[in-house]
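Input: a single structure, listed below in structure tokens.
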Amino acid sequence: MSGAQIPEPAALKAAFLVRGYVADDALATALRLVAALGKPLLLEGPAGVGKTEAAKTLSDVLGTRLIRLQCYEGLDAQSALYEWNYARQLLHLRAAELGGAGGVTDEDLYSERFLMARPLLQAIREEHAPVLLIDEIDRADDAFEAFLLELLAEWQITVPELGTIEARTRPHVILTSNRSRELSDALRRRCLYHWTEYPSRAQELAIVHARLPGVNETLAQQVTNAVHALRALPLGKPPGVAETLDWAAALVSLHADHLDAPGIRATLGAVLKLREDQLLAAPTLQGLAAQAAAGHPPGA
Amino acid sequence: MSGAGVIPPDLAAQVSAFTARLRDRHGFLIGPGETADALRALGAVDVLDRREVRGALRAVLSASPEQTRLFDLEFNAFFRAEGAAQPKLPLLPETKAPGTEQQTEAGPPPPPRPGQPPAPNPTPAPAPDDAPDPDEDAPDSQAPGQPLPGEDQAPPDDTAVPSLRARLSPNAAPGQAVQAGGDDLPELLRAASALVRALELGRARRLRPQPQRGPKLDARRTLRAAARTAGDATLLRWLGRPRRAPRFLLVIDGSRSMGADATLLLRFAQALHLRSRRVEVYAFSTGLTRLTPLLRRAPSGVPLSLPELGDAWGGGTRIGENLLRLAREERAGVTRDTLILVLSDGLDTGDPALVGRALRDLQRRAGGVVWLSPLAAAPNYRPVQRAIVAALPFLWALLPVGGAADLHALPRRLRAARRL
């Protein structure tokens with residue numbers, strides 16, 4: 001594996017754009033360094049700004065496999081690395097007894113055929129460096145985070161019955177976090193870091209056009225402006241980029257060519273997911289609908 | 001033509017000086033390894049492109065959004081372009097709400113909404129004692145920072161100087177460090193330990209070996225045990241779900257009316273933080289500030305001393321607005337195993353309806369919300385304060401906290417309140 005596998009930032013940005021992901025310079029540079037320095041990249045930011053999508057797009061650009069480990073509270077090393085298929089092992093034992101095959105040795109019982117590789121083991125056994133996405137690491141607990149430190153430093157794991165397995169290639173590792181828990185300084189020091197913020201209006205408009213090529217220009221601008229106005233409100237769950245796209249797609253499916261009050265009412269659930277937020281945002285949305293209607297009278 | 005892979009020697013020296021500056025001035029965790037990584041990173045980008053250099057160094061040297069903002073300011077000051085204006089460095093980074101960055105890029109802030117106070121003056125005149133020393137915060141004139149080639153207009157995220165200004169409330173105490181000294185830390189540690197042990201909000205999802213029969217068979221250990229009995233699984237092993245370690249979210253009212261009670265609660269927060277890693281601490285007065293990083297860095301064995309907390313300490317009381325902001329910032333962090341402790345006398349100058357709205361939101365997501373009030377320790381106390389009245393429907397309990405004895409009694413009172 002070499003750093004040349006990930007293109008230079010400008011080329012990477014262009015490759016992302018082709019795939020409908022509008023990456024900024026800083027993200028492209030950080031992704032470039034993942035391979036150049038052989039270090040994991042920690043992507044933090046609000047929910048819905050495209051952290052997971054960045055990893056997916058990277059794997060697509062590189063033409064490598066995406067291996068995803070979704071973290072959750074209670075995730076342990078065994079679930080992330082490997083497990084033995086106990087049911088098959090027991091069946092094997094019973095079959096050997098019934099067949100009179102004699103004693104079953106440990107080598108028989110703890111061989112590759114009974115080993116179930118989980119994401120981390122899969123990642124280090126890949127022939128070509130995959131993109132390993134460790135998603136929402138902040139949801140896992142401290143013990144798992146400490147375990148990851150060792151794996152990310154050594155890139156080898158030890159299965160007691162099989163011995164040490166070293167990585168064939170070092171995966172391109174991307175960790176994401178929504179900051180629901182403070183990660184340790186130790187993990188942060190081992191990672192490159194990029195804070196992903198909500199995109200600017202121009203960037204978000206570009207995202208809408210890249211993802212929804214058929215959307216009307218006026219509608220795209222109005223939706224983008226409305227989402228930015230909503231994010232300025234003290235909402236419980238501010239809309240992310242995914243909500244912007246969902247909203248625009250919902251309006252397009254209703255054949256809307258601009259924002260109006262009935263359209264907003266019909267599709268509000270695509271952008272605001274809490275009843276309290278919908279109530280809070282109602283005056284703002286009414287104002288936006290009135291502005292849009294003034295610029296686009298019915299039938300225009 | 002790309003300049004990737006070529007690092008001029010003087011640029012390497014500048015990077016070393018720059019990393020030392022981040023470490024010495026802002027406490028970035030940068031050692032020789034990070035400096036070496038920074039130089040390697042420059043080898044992977046075009047050093048003639050300022051944006052790529054900044055992106056590469058930022059990815060290697062910063063580790064949090066707060067550090068990212070400081071990094072950008074320092075980078076622009078250190079590697080400033082010829083003729084470029086000198087950016088001002090902040091005293092304290094401001095915590096922005098999601099989405100509010102558009103206000104800074106769009107020009108003047110919008111007028112306040114009905115029911116909300118006017119936004120704080122973005123350029124308050126600090127008290128003489130608070131005035132930043134321009135010589136201290138400005139880059140050294142002898143610093144090795146030189147304009148980088150390929151200078152361009154900084155992107156919007158680099159012009160965030162206004163959003164990084166410290167917010168100083170006109171009601172806040174003069175800029176002084178918060179001293180919460182006291183010799184009661186061992187006692188408070190015992191109270192904190194008892195609270196961590198006593199609280200059970202749920203069972204962990206992770207299955208653990210159980211000494212007795214549990215809900216699920218432990219196939220791995222059962223199979224291992226079967227080796228002793230020639231493959232017959234006569235000794236069954238079990239897995240179960242142990243008690244889930246509780247999370248704590250402490251919100252301390254640091255307004256003037258809280259007096260000495262606020263510092264006692266601050267010491268209790270420190271004790272709780274020393275006993276469990278699953279503790280988040282915030283303080284509010286007219287504004288809200290997260291104290292967890294400050295408590296984590298506080299040296300143990302010496303009286304607790306925190307830097308000046310701006311409008312989060314010593315000013316007026318805006319309970320509802322700050323709880324709303326807390327609910328938004330901690331949205332992902334509050335789960336069913338979180339106990340929220342609001343430590344306040346409830347004497348609010350804001351809109352009590354906001355208190356109810358914020359607590360309803362928090363209570364829905366948390367394991368419970370408990371309000372600890374110093375006033376409740378007084379005999380004949382009646383919960384008639386507007387904020388308390390608005391909060392009561394959403395509270396697990398309203399408990400007194402008049403001293404260390406009340407903190408010791410907290411686990412028992414919480415259990416009693418839960419049985420009701």
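Descriptive notes on the structure:
- Environment charge at A:Leu149 (Cβ cut-off 12 Å; Lys +1, Arg +1, Asp -1, Glu -1): -2
- Solution diffusion estimate, µm²/s, Stokes-Einstein, the stretch B:376-417, Kirkwood Rh from C-alpha pairs, 25 °C, viscosity 0.890 mPa s: 217 µm²/s
- Only Lys, Arg, Asp and Glu carry charge here, each on its Cβ (+1 for the first two, -1 for the last two); on that basis the stretch A:239-300 has a dipole of about 100 debye about its Cα centre.
- Per-residue Karplus couplings for the stretch B:294-304, computed as 6.51 cos²θ - 1.76 cosθ + 1.60 with θ equal to phi - 60°, are listed in order as 5, 5, 5, 8, 5, x, 8, x, 10, x, 5 Hz, Gly and Pro entered as x.
- Percentage relative contact order, chain A, counting C-alpha pairs under 8 Å, at least six apart: 21 percent
- Distance histogram for the stretch A:1-152 (every C-alpha pair counted, 10 angstrom bins, percent rounded to whole numbers): 10, 32, 27, 16, 10, 5, 1
- Pairs of Cα atoms farther than 18 Å apart, the stretch B:291-381, %: 57 percent
- Across peptide B:219-225, the average count of Cβ atoms from other chains found within 10 Å of a residue's Cβ is 3.
- For chain A, the longest principal axis of the Cα atoms and the long axis of helix A:201-211 meet at an angle of about 60 degrees.
- Chain A, Rg to Rh (Cα coordinates; Rh as Kirkwood inverse mean 1/r): 1.10
- With both labels modelled 7 Å from their Cα along Cα-to-Cβ, the A:Met116 to B:Glu200 distance reads 3.1 nm.
- Spatially close lysines, pair count over chain A: Cα under 27 Å, gap of eight or more or interchain: 10
- Taking the C-alpha atoms only, the angle from helix A:217-231 to the longest principal axis of chain A is near 70 degrees.
- Positive minus negative residues near B:Asp337 (Lys, Arg vs Asp, Glu; Cβ under 9 Å): +3
- Chain A: angle of helix A:86-98 to the longest principal axis, Cα-based, in degrees nearest 10: 30 degrees
- The order of A:Ser59, B:Ser276, B:Ser300, going from fewest to most other C-beta atoms within 10 Å of their C-beta, is B:Ser300, B:Ser276, A:Ser59.
- Contact order normalised by residue count of the stretch A:189-281, Cα under 8 Å, 6+ apart, percent: 29 percent
A short reminder: the numbers here are calculations on the coordinates, not readings from a lab. Remember, it's a predicted structure, so these values are computed and weren't measured experimentally. Please note: Cβ atoms are built from the backbone with ideal geometry, for glycine as well, and neighbour counts cover all protein chains shown.
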